[in-house]
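Scroll down for the structure; my scribbles are underneath it.
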Amino acid sequence: MAISKKKMDSILEKYPPKVKKNRSKHILLKDSREQQEIQANTRTVPGIITNRGCCFAGCKGVVLGPLRDVVHIVHGPIGCSYYTWGTRRHKGRSEKGEDNFLSYCFSTDMQESDIVFGGEKRLKQAVKEAYEIFKPEAITISSTCPVGLIGDDIHAVAKAAQEEFGIQVLAFDCEGYKGVSQSAGHHIANNVLMKDVIGTGDAETKPYAINIMGEYNIGGDGWEISRILGKIGYHIVSVMTGDGTYKELKSAHKADLNLVQCHRSINYIAEMIEIKYGTPWLKVNFIGIQGTIDSLRNMAKYFDDEALIKKTEEVIVEELEALQEALEVYKKMCEGKTALLFVGGSRAHHYQGLLKELGIETVMAGYEFGHRDDYEGRDVIPYIKMDADSRNIPEIHVEKDESSYKLYLSPEKLEELKKEMPLNRYDGMIKEMKDGSFVIDDLNHFETEELLKSIKPNLFCSGIKDKYVAQKMGIFSKQLHSYDYSGPYAGFRGAVIFAKDVSMGMNTPTWGFITPPWKNEPLLEGKVIEE
Ligand code: CFM
Ligand code: HCA
């Protein structure tokens, strides 16, 4: 069941006027006749129970965490480390003899005396111990909130340790309170990796060299993507950062093409590599069968090589054949169901295609911390392989400054090029949504409950904070962050695993045994009794 504009207004009506005004700007009803805008990446109104996380989570947890040959030291009280220890399920495996520190949890475990007298000594000791015990390729130090508040100089500690031990020690000022969400942390991590790591290596590359960016190997997604790309013949230089290594990252600048899976978390590096080294990026989506096929075809188109195009088509046929039978079974169990999606900064978009393939309609979707471009798309002028002829086409004017090429195109030429080579741009989530569906940014606890009650979807795709709220209402919830101990969900094989998981979840008789709270209408605490 979809939700009407009137109903949405009545939910917002419960807010004080100022909050209502604020929240209204974060919600829109898709109407393809209009150029729609949404407010995003702004501070959550204090007092609202948002689903968002913090800057530290985005930097250390998301971008740095999956690099497995690095010791990631969290400078702060133990909770920041402990509560993020393994919960994201970014998997990693190493060849014999290679380092893998993913299962460890490194923290300086700051105590009250460190807050009062400063924690630099403790950090210095932690780096020393980490180096002596583990001898890692590199060490990262991530700041938590109190570190910024008391002013510990993590850069001075990192610099001294680097000189003493002869390995890179990278410091990240990612105190949790910075910015408005995890998003600030992505940016901080990207900047340091670009400045100090990427470009420092010189590994040999083979033809069709690519980086897979914004892919974190949650539940093994990256392994499935790599399996498909390997089969076609691509050479994966680095993965940022799922099952990734510091060692590989150093030579990432040597790839011919950068694939961007999660635009939100890694667009900064994609952009900086393009400016510095001229490598274009291609937005891909390996979630969903058609998404995977389109991504593979766009990649082959970029390399423009007959053998590669042929091999791509062969692999697509082979993979489709292998999954068809199982998929048909699950499609029958999913057909006609509805879903409500609310996830970080890319998955609420990426999963819509896969759900559609199973016959599930997305009636509402939103990001925790996406920016406007993740919703509305971004039209970056496409990169074209430069050749002398480009300069002679009247609609294209090429200028090269010290670090980048600039292309000035007529609007018609731009449209034409966008169709044939979708490089360096992203269409965003809104474009793919059906008219009449709702887009909602920075959803909160109150709205979640109200919307679930009104929409009563068959499937609620979200995270740990609201999963059980939905399930206690008798609505199956699938975590699209951690995949609830399952996965992979990406690529061809992943699509079948996802189909199986949601088919079972939605169709279990369990939900029939639960009486949702709205059926009993319990007396709410704090309800104002009108005389
Ligand atoms: Fe990108 Fe991610 Fe996501 Fe993200 Fe995240 Fe994540 Fe996510 Mo959780 S990097 S934006 S900060 S796809 S951790 S692997 S699942 S919120 S939608
Ligand atoms: C984070 C990590 C998270 C949290 C997941 C959730 C993840 O943002 O700190 O809330 O269920 O994917 O592990 O997004």
Listed highest first by mean packing, meaning other Cβ atoms within 10 Å per residue, what order do 204-214, 11-21, 264-274 come in? 264-274, 204-214, 11-21
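Multiply the residue gap between SER113 and SER4 by 0.36 nm, knock off their C-alpha separation, and tell me the result in nm, one decimal place.
Numbers: separation 109, 0.36 × 109 = 39.24 nm, distance 5.55 nm.
Length gained between SER113 and SER4: 33.7 nm.
Name the helices (complete DSSP H segments) of the chain with a Cα length along the long axis of 18 Å or more and a Kyte-Doolittle mean of at least 0.0, or state none.
Values: long enough: 120-134 (21 Å, -0.84); 263-277 (21 Å, -0.25); 289-303 (22 Å, -0.19); 306-334 (40 Å, -0.09); 491-507 (24 Å, 0.50).
Helix filter hits for the chain: 491-507.
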Per-q log10 I(q)/I(0), the stretch 206-258, q = 0.16 Å⁻¹ (Debye; single scatterer per alpha-carbon; no solvent): -0.40
Among GLY76, THR205, ILE475, the residue whose Cα sits farthest towards the positive end of the charge dipole of the chain, when +1 is placed on the Cβ of each Lys and Arg and -1 on the Cβ of each Asp and Glu, is ILE475
Per the 1/(1 + (r/R0)^6) rule, R0 = 30 Å and r from the Cβ atoms of PHE134 and LYS195, FRET efficiency to 0.05 is 0.75
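Excluding ligands, DNA and RNA, what is the solvent-accessible area per residue of the chain at a probe of 1.4 Å, expressed in Å²? Kindly include the intermediate steps, with their values, before the conclusion.
Values: 24360 Å² over 531 residues.
Per-residue accessible area for the chain comes out at 46 Å².
Ranking request for peptides 67-76, 459-468, 298-307: highest mean number of other beta-carbon atoms within 10 Å first, then the rest in descending order.
Working: 67-76: 26.9, 459-468: 19.9, 298-307: 15.7.
My ranking of the peptides, most packed first, is 67-76, 459-468, 298-307.
Can you tell me the equivalent ellipsoid semi-axes for the stretch 56-145? Use √(5λ) from the Cα gyration tensor, largest first, whole Å. Can you show the working numbers first?
Details: eigenvalues 106, 50, 16 Å².
The three semi-axes for the stretch 56-145 are 23, 16, 9 Å.
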Tell me, what is the percent relative contact order of the chain, built from C-alpha pairs under 8 Å that lie six or more residues apart? 18
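Return the subset of LYS25/LYS283; LYS301/LYS467; LYS96/LYS250; LYS20/LYS465; LYS14/LYS478; LYS254/LYS434 for which the Cα-Cα distance in this structure is over 31 Å, preserving the input order.
Details: LYS25/LYS283 27 Å; LYS301/LYS467 40 Å; LYS96/LYS250 21 Å; LYS20/LYS465 23 Å; LYS14/LYS478 28 Å; LYS254/LYS434 40 Å.
LYS301/LYS467; LYS254/LYS434, as the Cα separations exceed 31 Å there.
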Taking a straight Cα-to-Cα line shorter than 19 Å from LYS519, and setting aside same-chain aspartates and glutamates fewer than 8 residues away, one finds GLU447, GLU449, GLU450
Amide H contacts under 5 Å for TYR367, placed H, 5+ residues apart: ILE440, ASP442
Cross-link reach list, lysines versus LYS159, counting only Cα pairs under 18 Å and skipping chain neighbours closer than eight places: LYS121, LYS124, LYS128, LYS135, LYS195
For the stretch 55-66, just list the computed ³J(HN,Hα) in residue order, Karplus coefficients 6.51, -1.76 and 1.60, θ = phi - 60°, integers in Hz, with x standing in for Gly and Pro. 4, 4, 4, x, 7, 6, x, 8, 7, 7, x, x
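Taking the highest mean first, how do the peptides 147-153, 185-191, 223-229, 483-489 order by number of other beta carbon atoms within 10 angstrom per residue?
Numbers: 147-153: 17.3, 185-191: 24.3, 223-229: 21.4, 483-489: 19.3.
Most protected by this proxy first, the peptides run 185-191, 223-229, 483-489, 147-153.
Mean residue ellipticity at 222 nm from the helices of the chain, using -39,500 (n - 2.57) per DSSP H segment of n ≥ 4 over the full residue count, to the nearest 500 deg cm²/dmol? Kindly include the intermediate steps, with their values, before the conclusion.
Numbers: 20 runs with 213 residues, N = 531.
The helix-only estimate for the chain comes to -12000 deg cm²/dmol at 222 nm.
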Can you list residues from other chains, or at least 5 along the same chain, whose modelled amide H is less than 5 Å from the amide H of ASN285? SER295
Computed curve, the stretch 424-514, Cα-only Debye sum without solvent term, log₁₀ I(q)/I(0) at 0.23 Å⁻¹, is -1.29
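Can you tell me the FRET efficiency between LYS453 and LEU12 if r is taken as the Cβ-Cβ distance and R0 is 22 Å, rounded to the nearest 0.05? Let's see the in-between values first.
Working: r = 15 Å, r/R0 = 0.67.
It comes to 0.90.
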On the accessible surface of the chain, probed at 1.4 Å, how many percent belong to carbon and sulfur atoms? 53
In whole percent, the Cα-Cα distances of the chain spread across 10 Å bins from 0 upward as 4, 17, 27, 26, 18, 7, 1, 0, 0
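The values are calculated or read from the model by the stated rules, or taken from the named source; none is laboratory data. This one's a predicted model, so the numbers in the text were calculated from it and none came from an experiment. All Cβ positions, glycine included, derive from the backbone under ideal geometry; neighbour counts span all protein chains shown. Note: areas computed on protein heavy atoms with side chains; ligands, DNA, RNA excluded. Shrake-Rupley method; radii C 1.70, N 1.55, O 1.52, S 1.80 Å.
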